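Asks: Below is the structure I would like to discuss, written out as structure tokens.
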Amino acid sequence: MSKKSCKFTLNITEHLQQECDAMAKHALESGSSLSPSIVQTLDKFNRLEPRTHTPEDLEQLTNAHGQLVKIVAPARPETLLLLAAENEQNMLCRTLGPVPLIRQLTVTAVLLLAAFAVMTILGPGKTYDMAYYLISAGLGGTFFGLYKANRYIVANTFDPTYAFSYWIRITLGLIAGLVLATLIFPNGVEGSGTLPLTPALIALLGGFSADVLYRILARLVEVLELLVEGRVPTSSPGEQERLAKAIEALTNKDAAAVAAGK
């Protein structure tokens, strides 16, 4: 399959044929058997001149496509076509990753690791701390993106439509890691019988899971609303005591205690 034939085209017939070729190649490489009718149909279309097919030819191609989708499932036809096209790239590109997103994330991870090493050598300071936390958060977010995308690549179910969401996820991780390390837990967290969480480690965890910051901020907003209203809701005594302590901690600007629900 040539690199040119793998490019997306507005001609639905050509695109259908490209997906069939990619799925058939994947099925054969995976040890699956193809019916003679599928092979004959694909061979016919590969020998036909563009736009010379008949309605009967289109029907055969559509049927072959449907059969191939079932054979390669859960792999996606679009993913297999993308991987087939990317396989035509030069060796350096293929070494960095099978699809553009993986290559971009890999380069980002390498740059962040290099920056992480440089900041470690330079030593502490206010500017150093801010950059260190950002780099830690970026590493956490990039690790999450690479790990998640790799699972889809291995299963041949990667959808390039959602490539942008990985970069949004890393951006959210940078924000979450920096906020957690500098505003909510600036002194870290002393664990009882567990590994103590330093601000840098908290930034790394925040980058890996931005949902943590969302839940903490939602908790802080809840407590702030109670503080503004000047009341504690009529709930269980334990809940009342917990919220009262959270309001007191917020009044004393102890955001970490509020976030921890103490």
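Asks: On the Cα set of region 95-184, report Rg and Dmax in Å, please.
Replies: 14.5, 46
Asks: What distance in nm separates the simple spin-label points at I175 and K148, each placed 7 Å from Cα in the Cβ direction?
Replies: 1.5
Asks: 7 Å from Cα along Cα→Cβ at both T157 and V39: what's the point-to-point distance in nm?
Replies: Using points 7 Å along Cα→Cβ, the separation is 3.1 nm.
Taken together, the values in this text are just the output of simple stated rules run on the coordinates, not laboratory data. Here the structure is a predicted model, which is why all the values come from computation and not from measurement. FYI the Cβ positions are ideal-geometry reconstructions off the backbone, even for glycines, and counts take in every protein chain you see.
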